Amino acid sequence: MNWKRKDLLDIRDLSKEEMLFILDTAESFKDISRREIKKVPTLRGKTVITLFYEPSTRTRTSFEIAAKRLSADTINISSSTSSSTKGESLKDTARNLESMRPDAIVIRHSMPGAPHMLAGILDSSIINGGDGSHEHPTQALLDLYTMREKKGRINGLRIVIVGDIAHSRVARSNIFSLKNFGNEVICCGPPTMIPPYIETLGVRVEYDLKTAVRKADVIMMLRIQKERGGTKYIPSTKEYSTLYGLTKRHVDMAANDVIIMHPGPMNRGIEITDEVADGPSSVILDQVENGVAVRMAILYLLIGGEA
Ligand code: CP
């Protein structure tokens with residue numbers, strides 16, 4: 001396949017072939033992180049900036065590690081240390097950064113469409129590291145990679161996504177990728193956290209967690225998006241936890257080889273118990289490990305790759 005994109009902005013935009021190409025490329029990079037010398041010269045001389053206006057542990061760090069393992073130079077900028085605190089606009093910040101000739105900018109912003117705006121005005125490759133409640137494409141790709149690795153396929157699976165669907169960019173990106181590959185996707189959560197349009201995306205809605213998880217191949221748990229007002233939509237976290245917290249009993253109702261996923265950060269004791277998060281079906285830390293390989297593939301394809 002001939003990779004032609006300058007930016008990675010949405011999963012909705014990607015064809016199945018493009019997603020598979022990223023996963024296959026990631027496969028060839030995964031091994032590098034397990035070697036004693038975890039570095040190859042593939043992106044030597046390239047510069048990657050991470051520009052994060054929202055907190056992050058996994059996405060920002062794994063992009064930095066991915067870039068460093070490919071020998072690119074990395075610069076990390078967060079909103080608290082940037083001149084946005086002095087009133088500089090995102091557009092001006094981005095234009096100033098571009099003047100220093102980076103090759104790629106990974107941006108996370110609370111405003112949906114912020115990465116798209118930058119992609120329209122900059123020559124650097126723009127990667128969406130999460131824009132508001134819109135999309136988180138690299139999370140969906142690492143989730144697909146992990147499902148393919150653990151289940152041996154990414155089609156014909158019954159996948160349940162549980163929690164604050166309305167405010168979750170992870171849920172939206174996963175719905176687009178998983179439906180594109182022909183999976184059955186069930187969204188489960190309190191009615192106030194399931195947006196009315198969601199069935200138009202081809203998913204089924206189930207409000208009862210026990211019914212939703214029956215015979216599930218994959219259960220993907222989400223946290224309540226407090227920073228987007230998620231707690232206003234439930235009477236209390238205690239009630240939420242009673243009705244939608246995943247316990248061992250739920251895992252036992254799913255398929256024998258069910259995998260439990262969570263994009264992180266987890267709120268243990270609210271959406272998931274310790275027993276499930278740390279149990280044999282959990283692939284949560286595999287998701288994090290695979291995130292590095294997937295992000296190496298994305299950087300390689302966008303700023304260093306050839307057909
Ligand atoms: N999954 C995810 O986006 O985690 P961070 O917020 O820590 O980057």
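Per-structure values
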| item | result |
| --- | --- |
| Rg and Dmax of segment 170-231, Cα atoms only, in Å | 11.8, 33 |
| For segment 48-147, alpha-carbon Rg over 2.2 N^0.38 Å | 1.03 |
| Dipole-positive endmost among M261, L201, S241 within segment 155-297 (Cβ charges, Cα centre) | L201 |
| Overall form of segment 1-43 per C-alpha gyration tensor (a/c, 1.5; a/b vs b/c) | prolate |
| Accessible surface, segment 56-209, averaged per residue in Å² (probe 1.4 Å) | 36 |
| Under 15 Å from the Cα of K4 - aspartates and glutamates, other chains or at least 8 residues apart | D13, E17, E18, D123, E306 |
| Magnitude of the charge dipole, segment 110-152, Cβ model with Lys/Arg +1 and Asp/Glu -1, debye to 20 | 260 |
| Over the chain, equivalent-ellipsoid semi-axes from the Cα gyration tensor in Å | 32, 22, 17 |
| Tensor-based shape of segment 205-282 (alpha-carbon gyration tensor, a/c under 1.5 rounded, otherwise prolate or oblate) | prolate |
| Percent accessible area from carbon and sulfur atoms, segment 1-148, protein chains only, probe 1.4 Å | 48 |
| Antiparallel %, DSSP beta bridges [both residues in segment 112-235], to 5 | 10 |
| Relative packing of 24-31, 130-137, 112-119, which averages over residues the other C-beta atoms within 10 Å, highest first | 130-137, 112-119, 24-31 |
| Mean Cα-pair separation over length for the chain, i.e. relative contact order, pairs under 8 Å, 6 or more apart, % | 21 |
| Within the chain, percent of DSSP bridges classed antiparallel, to nearest 5 | 5 |
| Length added when fully stretched, K210-N267, from 0.36 nm per residue minus Cα-Cα | 18.5 nm |
| Stokes-Einstein diffusion coefficient of segment 152-263, Kirkwood radius over Cα pairs, 25 °C, 0.890 mPa s, in µm²/s | 175 |
| Residue-normalised accessible area of segment 215-268, given per residue in Å² at a 1.4 Å probe | 50 |
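The values are calculated or read from the model by the stated rules, or taken from the named source; none is laboratory data. What you are looking at is a predicted structure, and each value in this text was computed from that prediction instead of being measured. FYI the Cβ positions are ideal-geometry reconstructions off the backbone, even for glycines, and counts take in every protein chain you see. For accessibility, only protein heavy atoms count, side chains too; no ligands or nucleic acids. Shrake-Rupley method; radii C 1.70, N 1.55, O 1.52, S 1.80 Å.
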